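The values are calculated or read from the model by the stated rules, or taken from the named source; none is laboratory data. It should be emphasised that the depicted structure is a prediction, and the values quoted were computed from it without experimental measurement. Glycine also receives a Cβ, built like all others from the backbone with ideal geometry; neighbour counts cover every protein chain displayed.
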Amino acid sequence: MAARTQRWMPWLIGVWTAAITLFIYLPSICGLLASLTQSRYFNFPITKWGLVWWGKTFASLEVRALLETSITIALIVTAIAVVIAFFGAIAFARFDWKGRSAFQKLVLLPIFFPQSVLGLALLLWFNALGIETSWKTAIFAHLVWVVPVVTLVISIQVYSFDPALEEAAFDLGATRWQVLREVTLPVLWPGLFSGALFAFLLSWGNFPLSLFTTGADTTVPEYMYAKMVAGYTPGVPVLGTVSTVGAAILLLGGYGLILLVRRGRTGAA
Amino acid sequence: MAMAAERVGRSLAGWLWRPGQRHAIPILLLLLIGFAAPLLSILGFSFAPPRTFSLWQLPTLENYRTIVAETFYQSFLWSLGMAVVTVVILVLICYPVAYGLARTFGRWANLVTLLMVLPLFVSENVRLYGWVLFFIKGGVLLGSLKSLLGIDVESVLFTPGIIIFGMVYVYLPFMLFPMTLGVSMVPREVTEAASDLGASRLQVFREVELPLAMPGIVIGCLLTFVLAIGAIAEAKVLGGQTVIPVTHDIEIAFTYAQNWPLGAALAVLMTLLVGGLVLAVLRRFDLDRILGRR
């Protein structure tokens, strides 16, 4: 009886997982379908297929400005977040120090916090300081939430890092800078790289924080939300599909790169 | 006196300059300015007189009085209730996938993980809008039903059920990954030993796997519960405002009603609820063990 249960269980789990995966991607498929119509409104089954709205969307200057704002914010957030999170992860996972356990929980707190409330709180705080909100304040808002996530991602790599490697390099007469460049960074590289990928994508896709902190500037998710609420055009699913496919290419490309480098290293060694 | 102060200052600087503390400084500064201070300013605003826009005034309890006197408790109940239902559904549908990721998928586990991570990077209202296109009248589901089978059904959009459906959909990865971490913490030998000693599959699950995987499951529940309480897009995009959760009340207070202090007071109550819960649960956990320090 037990043996028979064992045999079909993995199969059942596989089917269930496939169903969940379909559930996850069904809305993206619907978005893709809705972007491929020629008419102004979405009606299924689609009678006139076409790429008209793709052309219109990319020709629009407004959309170009949006993409530029979103990408600029995401790039700057990535650069700053990785540096802060690198040090944070070392404090999180490498050293034993008094207060570390409290520090770890403090770092987790912003992740376990409703983002819409955090966005509002930041808006009030900027207001109290007399700072005008714009895409620059949005960078700061994104950092508050992105840095803790990236710290966790890098920490997982730091946990598996053997401090004896650094100590050996010091014993052999390497300077602090040499140790960082020749030992620490190469060993932690995969963690830093996935951290950067996370930072970029999380900032790129963020809506609740941007909503309250961008002021007069608009990011892609904000624009799409505004259009969903009022003034739907098939340009909305076009941008949605672009976001999804762009994230997929970055993520799969990044993962492939990590695999390639790892394979190259083991091959060389 | 001055010398003593200087000595204290120097020993504080020395303490801060130890390796652990030193590396923690940048992120602590960021969280101080970007997390602690904004929360304090929300707290400050919640005591400002209604419909004012400056922090520097005589404090009053007026806003909290309004919240107790009016029907805001309904929004809190809706938010809490929908979050609890969401978490329960997520535990049930995620466990088999988490078990598969940790145990039976082998080489496929990486691919499945990537597929489940990807949606996290697309903003949630875009993904929810995909469901609107699916469920709306004349959309993918109802349009197909009508043209293929000639059945005309009412759309399920704009009901409380569809809001919970949306939250289950959006927060699924946040349950799945902590849970997978939990399940992979169960040593294989222990479950094998239990079966060898004659335990049935159900007994192994209940007496061995579940308790050992509990830390991951609890973290997943906590994370999804908190996110579901803070959810706003689901009720607006799918729910069509049939149900008003607290987050929506807060947003209304800040936008249409132009009553920042009332919104701030609501946000403070929500923060106390969520923060208290998170701290109470996190206190019991040893993060080093869960995140994989040997």
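In this structure, residue A:60 does not qualify as surrounded by 14 or more Cβ atoms within 10 Å (Cβ to Cβ), in contact with a helix residue (DSSP H, G or I) (Cβ under 9 Å, 6 or more places away or on another chain) and polar (S, T, N, Q). Note on region B:82-108: residues that are more than 10 Å from every other protein chain (Cβ to nearest Cβ) and at pLDDT below 90 total 2. From the list B:11, B:46, the lone residue that is surrounded by fewer than 17 Cβ atoms within 10 Å (Cβ to Cβ) and small (Gly, Ala, Ser) is B:11. Looking only at residues of region A:70-86 that are within 14 Å of chain B (Cβ to nearest Cβ) and not hydrophobic (A, V, I, L, M, F, W, C), we find that the one that is surrounded by the most Cβ atoms within 10 Å (Cβ to Cβ) is A:70. As for region A:101-123, it holds at least one residue that is more than 8 Å from chain B (Cβ to nearest Cβ) and loosely packed, with under 15 Cβ neighbours inside 10 Å. Evaluate region A:210-225: report whether one residue or more is within 11 Å of chain B (Cβ to nearest Cβ), among the polar types (S, T, N, Q) and not in a helix (DSSP H, G or I). Among the residues of region A:210-225, at least one is within 11 Å of chain B (Cβ to nearest Cβ), among the polar types (S, T, N, Q) and not in a helix (DSSP H, G or I), which makes the answer yes.
Can you spot a residue in region A:2-13 that is of a type in the set (A, V, I, L, M, F, W, C) and away from chain B (no Cβ under 12 Å)?
So far as region A:2-13 goes, no, none of its residues is of a type in the set (A, V, I, L, M, F, W, C) and away from chain B (no Cβ under 12 Å).
Filter region A:144-167 down to the residues that are in contact (Cβ under 8 Å) with a residue 24 or more places away in the chain, facing chain B (nearest Cβ under 8 Å) and either surrounded by fewer than 23 Cβ atoms within 10 Å (Cβ to Cβ) or not in a helix (DSSP H, G or I) (or both) and list them by number.
A:152, A:156, A:159
Just one residue in the set B:59, B:26, B:38 is of a type outside the set (Val, Ile, Thr), at the interface with chain A (Cβ under 8 Å from one of its Cβ atoms) and over 23 Å from the mean Cα position of the chain (by Cα); that residue is B:26.
The rows are residues; the columns are (1) free of Cβ contacts under 8 Å to residues at least 60 places away in the same chain; (2) crowded, with 16+ Cβ neighbours inside 10 Å; (3) out of contact with any Leu (no Cβ under 8 Å at 6 or more places or on another chain); (4) β-branched (Val, Ile, Thr).
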residue	(1), (2), (3), (4)
A:10	yes, no, yes, no
A:24	yes, yes, no, yes
A:35	no, yes, yes, no
A:44	yes, yes, no, no
A:48	yes, no, yes, no
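Within region A:104-150, being among the aromatic types (Phe, Trp, Tyr) and either under 19 Å from residue B:46 (Cα atoms) or modelled with pLDDT of 90 or more (or both) holds for A:113, A:125, A:126, A:135, A:140, A:145. Check region B:65-73 and report whether any residue there is within 28 Å of the chain's Cα centre (by Cα), part of a helix (DSSP H, G or I) and within 14 Å of chain A (Cβ to nearest Cβ). No; the residues of region B:65-73 include none that is within 28 Å of the chain's Cα centre (by Cα), part of a helix (DSSP H, G or I) and within 14 Å of chain A (Cβ to nearest Cβ). What do you reckon, is residue A:266 under 27 Å from residue A:53 (Cβ atoms) and of a type outside the set (A, V, I, L, M, F, W, C)? No.
Does at least one position in region B:265-283 carry a residue that is under 26 Å from residue A:107 (Cα atoms), at the interface with chain A (Cβ under 9 Å from one of its Cβ atoms) and exposed (fewer than 15 other Cβ atoms within 10 Å of the Cβ)? Yes, that holds for at least one residue. Determine whether region B:163-171 contains at least one residue that is in contact (Cβ under 8 Å) with a residue 24 or more places away in the chain, part of a helix (DSSP H, G or I) and within 8 Å of chain A (Cβ to nearest Cβ). There is at least one residue in region B:163-171 that is in contact (Cβ under 8 Å) with a residue 24 or more places away in the chain, part of a helix (DSSP H, G or I) and within 8 Å of chain A (Cβ to nearest Cβ).
Of B:155, B:123, B:147, all but one fail to be at the interface with chain A (Cβ under 8 Å from one of its Cβ atoms), surrounded by fewer than 22 Cβ atoms within 10 Å (Cβ to Cβ), farther than 24 Å from residue B:213 by Cβ and hydroxyl-bearing (Ser, Thr, Tyr); the exception is B:147.
Applying the criterion of at least 3 residues that are closer than 30 Å to residue B:127 by Cα to the helices (runs of 4 or more DSSP H) found wholly in region B:186-238 leaves B:210-229, B:233-237. One residue stands out in region B:245-284 among those that are within 18 Å of the chain's Cα centre (by Cα) and in a loop (DSSP other than H, G, I, E, B): the one that is farthest from residue A:159 (Cα to Cα), namely B:245.
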